[in-house]
Amino acid sequence: MRYDQTAIDDREVPRAAVPLVQHTLDIYASEVNKVASVWRTFRPGDLEFRPHQRSMTVLEVFRH
């Protein structure tokens, strides 16, 4: 997947000492980029949204 902005560029992902597990580093970087991409879509006003009185706000989820 390609994102407009990335937190970890493909060139920044280190090479694994054991090539057999390189996919774990690649997947980690991909997941970080996915989460960062989703969070960038929130506006400041969205962060105080609470879907239910007993649930956390978006900002509380982010901090967690």
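What follows draws every value from the coordinates through simple rules; no lab data is involved. Everything quoted here is computed from the prediction, not taken from an experiment. Don't worry about glycine lacking a Cβ; one is built from the backbone with ideal geometry, like all the others, and counts go over all protein chains shown.
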- On a 0 to 90° scale, report how tilted helix 22-39 is relative to the longest principal axis of the chain, with both axes built from alpha carbons and the result rounded to the nearest 10. 30
- Evaluate the distance, in nm, between pseudo-label points positioned 7 Å from the Cα of Leu59 and of Asp4 along their respective Cα→Cβ axes. 2.4
- Once phi for every residue in region 48-64 is put through the Karplus expression 6.51 cos²θ - 1.76 cosθ + 1.60 (θ = phi - 60°), the whole-Hz ³J(HN,Hα) values, with Gly and Pro written as x, are 8, 5, 10, x, 8, 4, 9, 9, 7, 6, 4, 4, 5, 5, 4, 5, 5
- Task: For every helix of n ≥ 4 consecutive DSSP H residues, a contribution of -39,500 (n - 2.57) applies; sum these over the chain, divide by its total residues, and give [θ] at 222 nm rounded to the nearest 500 deg cm²/dmol.
- Result: -11500 deg cm²/dmol
- Taking Cα pairs closer than 8 Å and at least 6 residues apart, the relative contact order of the chain in percent is 27
- Query: Plugging the Kirkwood radius over Cα pairs into Stokes-Einstein for the chain, at a temperature of 25 °C and a viscosity of 0.890 mPa s, what D comes out in µm²/s?
  - Reply: 177
